[in-house]
Amino acid sequence: MAYVALSEAEKTFILHGVEEDFRCDGRSRRDYRPMELETGLVSNASGSARLRLANTDILVGVKTEIDVPNPLTPEFGKLEFFVDCSANATPEFEGRGGSDLAQELILSLQKAYESSLAFDYRTLCLIPGQQCWKLYIDILILECGGNLHDAVSLAAKAALYNTKLPRVTATLLDAGVTDLIISDNPYDCTRVGIDAVPLLVTVCKIGDYCLVDPSAEEEVCSTVSMVVAVSMRNNTGRCGGYKMLRPFITKFLSTAYLSGTHMTGGGSMHRETMLNCIQLGLSIGEQLNSLLVKMLKAEEQRVGPKRPKTVGFLK
């Protein structure tokens, strides 16, 4: 994250604002900063999105290729993340200054997506044990203004929604060899399902209170934060391995469930505070997901590509 120098008086001012539930920019502890989202910006990518969360600017591109499935999971496709911290985002990213942060973001996304309930890798399989789609999700941090985990996960989900996979037809040749025919029609494609794709919600602890969407200044005032991975599901299944949390998240099981958590910062949390952070993250994650899907569908209807009408012998 970007380093922001604050005096003790400024830190005290931020702390008192959090205690009064009136932050420096007028938000409450549960509010997000203004957000702008665009999709389909990169012409040479299968899908792309750019998200600006106040001063945080993220660009995501998705590229696809046909690969061989892992022998241990022959019916699954592949997904790979790469994060690049631009030196223009903050001077600390010059050289290899952003490598640690990039690796932290990659690990956070991989852990959130590794569950088959969070992302259905079977939809990327073409021929079990032989051919599958491999998605490369390239994330570029253009500007760092706090709350990178949330912004990166929102932009990645939007880019996956914008991703179009060419339709593939399999033909069986002699000697049992399978030949793949990839359609070159840009309108003859399939989409990646994002219904269960997780979002990361950073719950930041400042003083005795927890808040979401911390700014760069608020991150300096915090000693510990919890990143909660929230995925959507339409049934009331099990809570994964988080049995002790069942009483706290039962009411969220109909739509949201816990995909994973991890801590950032050098501080520690009491057990009750940790459970409150998870409960807050689940609630905010559910709201974020519904708003994001609504925004994506509205943008697609407004500026999305339309299949041209064919006439005459072209029908």
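The values are calculated or read from the model by the stated rules, or taken from the named source; none is laboratory data. All values derive from a computational prediction rather than experimental measurement. Virtual Cβ from ideal backbone geometry, glycine too; neighbours counted across all protein chains shown. Each accessible area value is taken on the protein alone, full model and side chains, heavy atoms only, with ligands, DNA and RNA left out. Shrake-Rupley method; radii C 1.70, N 1.55, O 1.52, S 1.80 Å.
Data for the structure
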| quantity | calculated |
| --- | --- |
| Selection status of Asp213, open to solvent by less than 30 Å² (accessible area, probe 1.4 Å) and not aliphatic (A, V, I, L, M) | yes |
| Filtered residues of the range 93-122 (kept if part of a helix (DSSP H, G or I), modelled with pLDDT under 90 and exposed (fewer than 15 other Cβ atoms within 10 Å of the Cβ)) | Ser99, Asp100 |
| Odd one out for Val230 among (1) β-branched (Val, Ile, Thr); (2) at pLDDT below 80; (3) not in a loop (DSSP other than H, G, I, E, B) | (2) |
| Subset tally (residues that are small (Gly, Ala, Ser) and open to solvent by 50 Å² or more (accessible area, probe 1.4 Å)) for the range 41-64 | 1 |
| Meets criteria (in a strand (DSSP E or B) and buried (at least 24 other Cβ atoms within 10 Å of the Cβ)) for Thr171 | no |
| Complete set of residues in the range 4-32 that are among the charged types (D, E, K, R) and surrounded by fewer than 17 Cβ atoms within 10 Å (Cβ to Cβ) | Glu8, Glu10, Lys11, Glu19, Glu20, Asp21, Asp25, Arg30, Asp31 |
| Any hit, the range 219-226, residues being part of a helix (DSSP H, G or I), out of contact with any strand residue (DSSP E or B) (no Cβ under 8 Å at 6 or more places or on another chain) and surrounded by fewer than 24 Cβ atoms within 10 Å (Cβ to Cβ) | yes |
| Close pairs from the range 44-63: first under 14 Å from Phe82 (Cβ atoms) and assigned to a strand (DSSP E or B), partner of a type in the set (Ser, Thr, Tyr) and open to solvent by less than 10 Å² (accessible area, probe 1.4 Å), Cβ under 6 Å, at least 6 apart | Gly61/Ser48; Val62/Thr163 |
| Search result, residues across the range 233-285 that are at pLDDT below 75, part of a loop (DSSP other than H, G, I, E, B) and open to solvent by 50 Å² or more (accessible area, probe 1.4 Å) | Asn234, Asn235, Thr236, Arg238, Gly241, Tyr242, Ser254 |
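For (1) in a strand (DSSP E or B); (2) surrounded by fewer than 24 Cβ atoms within 10 Å (Cβ to Cβ), each residue gets a yes or a no:
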position: Asp138; (1), (2): yes, yes
position: Ile141; (1), (2): yes, no
position: Gly146; (1), (2): no, no
position: Tyr187; (1), (2): no, yes
position: Thr190; (1), (2): yes, yes
position: Thr202; (1), (2): yes, no
position: Glu217; (1), (2): no, yes
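Yes or no, residue by residue, for (1) under 18 Å from the mean Cα position of the chain (by Cα); (2) farther than 15 Å from Asn147 by Cα:
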{"site": "Glu10", "(1), (2)": "no, yes"}
{"site": "Val18", "(1), (2)": "no, yes"}
{"site": "Arg23", "(1), (2)": "no, yes"}
{"site": "Tyr32", "(1), (2)": "yes, no"}
{"site": "Ala49", "(1), (2)": "yes, yes"}
{"site": "Leu53", "(1), (2)": "yes, no"}
{"site": "Val60", "(1), (2)": "yes, yes"}
